[in-house]
Each structure stands twice: as structure tokens, then as C-alpha cells.
Amino acid sequence: MTGCPGDLLSGLVDGELDHASRERVLSHLLACTPCRAEVDALRALKTRLSWAGAETPVPTDALTARLLGLVVPGVEPVQPMRLATGPVRPVSVRPAGRSAATARPRRRARLRRRTVGGLVALGIGAAFVLGGPASPGGAQVPIDPTTDQFVADYVDATVEVPSPQPVTAAVVGISR
Amino acid sequence: MSRLRLLVLVAGAGTLLAGMQGGAAARTGTVPDPPASGIGETRALELLSVAAQAGRTRTYRGTQYVSTWRADTASSDVADIRHTPATGSVVQVRPTADRTEPADDAQSVTSATDLDVRLLQLLADHYQLQQAGNERCTGRTAHVVEALRPGVDGPAAVAGRFWVDAASGLVLRREVFDTGGRLVRSSAFTDLTIDPAPHAAGSASPAGASSPVALAAAPGALPTDALDALRRDGWQIPADLTGDLQLFDARVRSHDGRQVLHLSYSDGLSTLSLFAQRGRLGSGPMHGFAKQKVGSAGSAPVWVRTANPERVVWGGGGQVFTLLSDAPPESVRAAVTALPHDRAPRTGLLARLQRGLARLGSWLNPFG
């Protein structure tokens, strides 16, 4: 049949026609069986799509990752996420603009700065703890050099009379 | 002619002189009066050689005082001494105003008047000796011997004086001066009783002066090869300290089960003992010692006790050094400076962070 509205049929099904176009398409449908059958088919498909969430097969994780990882010029790739079973949630695809193009390196730089800063803070903290009070000698054994035995040995090698005062001090010992 | 060869000559001359002057002097141990032309270094060496032997042959007892002077302190002690050639000396220090309790135990020491033959050799090597006349000392006639610094004139030239008893050869009095001519140490008998008969084994005559030429190491002293082995093992054993104090005795002692290296230095007038131990010094203050800054900048302070003898304690190179000496302060300070010193531990946040980073680095270093 000539004069069929064509693409206006889908507009009629979607409710997107203005009043005049809708009246004209509906008048045509009264006399055109093929177009009436097509409109019925479109409506049935739309109804089916609206309720087909549970029936739609869930893509595998690998397929999802590949799809989300596709590089489309002008479209920012979406981070893969694990799809849960259930109704498919629409994925927002935002056209890449100027701000999105510059945000990527800025975010990386910020992340790098935060990582480096965290490592530096961790290193300083560890150094402060490990640097603790100065302890000379490490594993060396503390000794007491004030023992009076030194005086006796010194006397053994000298020709003078020693004062006993250092001996008295040596008996007191040293405090550590 | 070297000093040692001169000493040998003097010893020989002493022997000859003793034989020429007859057996009377030899039997009594009396030091012969010097001939008019004998006043000089040869005569001085002979007198000191006799004095070096007197402690081995004479029995005596008496009271001796020892005084020392430092820049800010002076100390004096009085001790009773009993000496026999067989047993050595027993010294009992008397109570003083600042120490009311007498010493708990008398110490057996070498004679306070004995001139060690090794020290006599060092004295002849470092100083020019001369006899400076006769004086009365402790009620006895004494020959005065002076040790002069070579190349120095005036009052600062005298480094030491000895008063040698003309009858027995014992040293009655001794004085030591610093390079400025100031008296830093003096010791003398205030009273002295000497047995008239010398010890038979010593054949107490000036002929005994020949003994000083036998300069064998004292019993127990480490031989040269043992010292070299210790040096290779990391021990600090300088052959001399400040150029004047020379090593004349080294031995390994044991204190409380720990090995202690005892090094003795002298220039003939003063004696310095250096004790070295493996280990580290405690970080706390040492009772009776004062902290002083000695050595290069950045080195840890040393602990000093200015008494007789002066004592200095410090750590360096994985060892703890304890120095005891009756030498003038400038000599002690120079000796301490010449030995290793630990760096002073740095304090503050930056130093702490540096220590921590160094420790972290040592952990992360796979080759460390």
C-alpha cells in the first residue's frame, strides 16, 4: 500500500508523535492491514523488552570486561565491575569532553603524590622509632673501670705512694 | 755516645770505683764522696744507679709524704713505710682530715724509694743529669741530682730533683716540675730509720750499679712479639705517648674474669699506667669523677679524678681506657688526646632520625 507512514509507526508505538501526525497515522491504520500488523508487532516487542529483564541471559564476566574495556573515540572507558544476577542496570556512558580528558592525568598525579607522601611519612615514623635513644657499642659489655684493682696495678709499676682516695671512690662504684 | 752506652760506662765505672775505694765502702753500702772533678752527668748517673740498687739491698722504715699540685687542686698524703728487700714495701696511709678512716688494708708495693732500673734508663735517655751539690735532708747528708730538659735554659730547665742519701743510696726526697718550672709533685721522708747492714744477697755496694745494664723485661711482662700480636688483634699499644712517655712494661691482667691490658709508660720521672679493656663505658655519671672535654671536637667527654694518682677514664675504638698517672697535667692531657675516643652521642630529632634511617638501611641492604 502506498502512502504508508513508515517510521512514524514506531513513533506511534513510542508515543512520540504530535497530535496531527498521530491522527494521520491512526486514519491510515484503519485501512491498511500490513501497517496495523506492524504496529502490533512493535507494541508486542516493546512490551516484551520492558519485562524481559529476568529472562535476558547474563553475559559472562569475561565478555563484560571486554565490552567495558572497548576504547571508543570520544567515550570514556568504564571501569569493569562485577555484574550481579538480576535486572540489568543501565550503564551511563558519558561523552568525553575537555574536562574529562584533563582529569585523568591530574587524578594520577594526585594518587602518586598521596602514595609518595604516605611512604615518606611511614619512613619517617619508622626512623623515629628505630632511631631511639642513642646506645653506644651495641652488643658490647658494660664494664666498670673504677675498680680499685687499677690502683694496685699502677702502684706495682710506679715508685710513688698512692693516695687511697681513688680506692675509696672505686669502692663506691659508678651509677649507670 | 748514646745514653744507654753512657749508662753502661757509668755502671762499669761504678764497679771500678767501688773496687778502687776498698772494701769498707762496699761492705757498708756507703756512697763515696764525689771527686772534685766528678761533678757532672757521669757522677749523677752513678748516684742514681746506686739508688736503683738500694731498695733491693736495704731494710728501712719511715714516714713519707706525697704532695701533688694541679691547676685547681692540691692533695697530700702521709704514709708509713716498712721495707725489706725480701718482701718489698708495706705502705699504710695515715688518716687525714678529709678521710678519717685509715686504709683498710696495707698494700704491698715496690719500694717508694726504689729507682727501677728501667726507669733509670729512660731518665738518662730523656734528660740531662747533673749533680747539684750536697744538702741536708731528713737529718742526713744527701747528694742532689737534677734532671734537666735538653735545650731549655732558666728555671724551666729543671724537670726533677733527687736527694740521694750519701750513706745508703736511698732516695730521700724527690721533686717533679712541669714545663713552666712549677712544682707538681713532691715526696720525701720526714723520718727514716735504715738498718746498718745491707742485705747479703745484694752485695750492697756501688758495684751493684752494674746491674742496671741488664735491662731484661720484668717477670710477667709481654715480649715484643706478643705485643705485635695484640696490635694485630686491634689493641692500641703505642710505643710512646706524646713522644716523652715511653712504653717500658706491658702485661695482661685479669680483673673480675675480664682480660685487661696494662701498659706502663715513663720518661724516668713520671709514670703512666694505661689499662685497656674490651667493652664500652656506662652512659651514666661516674661517682667521684668530673666530666671534662678532652680531645678533638665531637669526641665524647672523659671522666677525670684529680688525685694522686690522677685518673682519667674514657671509651674509644671498642675499648675502655683507664689512665693513672703522676705526670704533670699537660703530659696527662696530651696522652689522653693521643689515644682513640668515641664520638659523643648526638641528641635531637634530626640525629634520632638519622640513626633510624641508618638502621633501616642496614636492614634493607642485602649486602650489609
- Query: Can you find even one residue in the stretch A:52-66 that is under 30 Å from A:Arg104 (Cα atoms), modelled with pLDDT under 80 and touching a strand residue (DSSP E or B) at 6+ places or on another chain (Cβ under 7 Å)?
  - Reply: no
- Item | Selection within the stretch B:52-75 - in contact with a helix residue (DSSP H, G or I) (Cβ under 7 Å, 6 or more places away or on another chain), surrounded by 22 or more Cβ atoms within 10 Å (Cβ to Cβ) and within 13 Å of chain A (Cβ to nearest Cβ) | B:Ala52
- Note on the structure: Of the candidates A:Val171, A:Val155, A:Val116, the one satisfying the condition of being under 30 Å from B:His255 (Cβ atoms), more than 7 Å from chain B (Cβ to nearest Cβ) and either modelled with pLDDT of 65 or more or assigned to a helix (DSSP H, G or I) (or both) is A:Val171
- Query: Can you name the residue in the stretch B:161-172 that is buried (at least 22 other Cβ atoms within 10 Å of the Cβ) and free of Cβ contacts under 8 Å to residues at least 60 places away in the same chain and, of all such residues, is farthest from B:Thr63 (Cα to Cα)?
  - Reply: B:Trp163
- Task: Please enumerate the residues belonging to the stretch A:9-47 that are surrounded by 11 or more Cβ atoms within 10 Å (Cβ to Cβ) and either outside any helix (DSSP H, G or I) or in contact with a strand residue (DSSP E or B) (Cβ under 7 Å, 6 or more places away or on another chain) (or both).
- Result: A:Glu16, A:Leu17, A:Cys32
- Query: Can you find even one residue in the stretch B:239-261 that is in contact with a strand residue (DSSP E or B) (Cβ under 8 Å, 6 or more places away or on another chain), in the same structural domain as B:Leu324 (by TED's automatic domain parsing) and assigned to a loop (DSSP other than H, G, I, E, B)?
  - Reply: yes
- Quick count over the stretch B:147-177, residues being among the charged types (D, E, K, R) and either modelled with pLDDT under 90 or in contact with a helix residue (DSSP H, G or I) (Cβ under 6 Å, 6 or more places away or on another chain) (or both), is 2
- Query: So which of B:Arg280, B:Arg305, B:Arg311, B:Arg352 ends up being without any contact (Cβ under 8 Å) to a residue 40 or more places away in the chain, surrounded by 19 or more Cβ atoms within 10 Å (Cβ to Cβ) and within 30 Å of A:Gly125 (Cβ to Cβ)?
  - Reply: B:Arg352
- Item | First in the stretch B:322-338 and within 19 Å of A:Asp153 (Cβ to Cβ), second anywhere and acidic (Asp, Glu), Cβ under 6 Å, 6 or more apart | B:Ser325/B:Glu310; B:Asp326/A:Glu160; B:Val332/B:Glu310
- Task: Report, by residue number, each residue of the stretch B:253-269 that is in contact with a helix residue (DSSP H, G or I) (Cβ under 8 Å, 6 or more places away or on another chain) and either of a type in the set (Lys, Arg) or more than 9 Å from chain A (Cβ to nearest Cβ) (or both).
- Result: B:Arg253, B:Leu261, B:Tyr265, B:Asp267, B:Gly268, B:Leu269
- Residues located in the stretch B:234-277, provided they are among the hydroxyl-bearing types (Ser, Thr, Tyr) and surrounded by fewer than 21 Cβ atoms within 10 Å (Cβ to Cβ): B:Thr242, B:Ser254
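The values are calculated or read from the model by the stated rules, or taken from the named source; none is laboratory data. Predicted model, so just to flag it, every value in this text is computed and none were measured. Methodologically, a virtual Cβ is constructed for each residue, glycine included, from the backbone with ideal geometry; neighbour enumeration extends over all protein chains shown.
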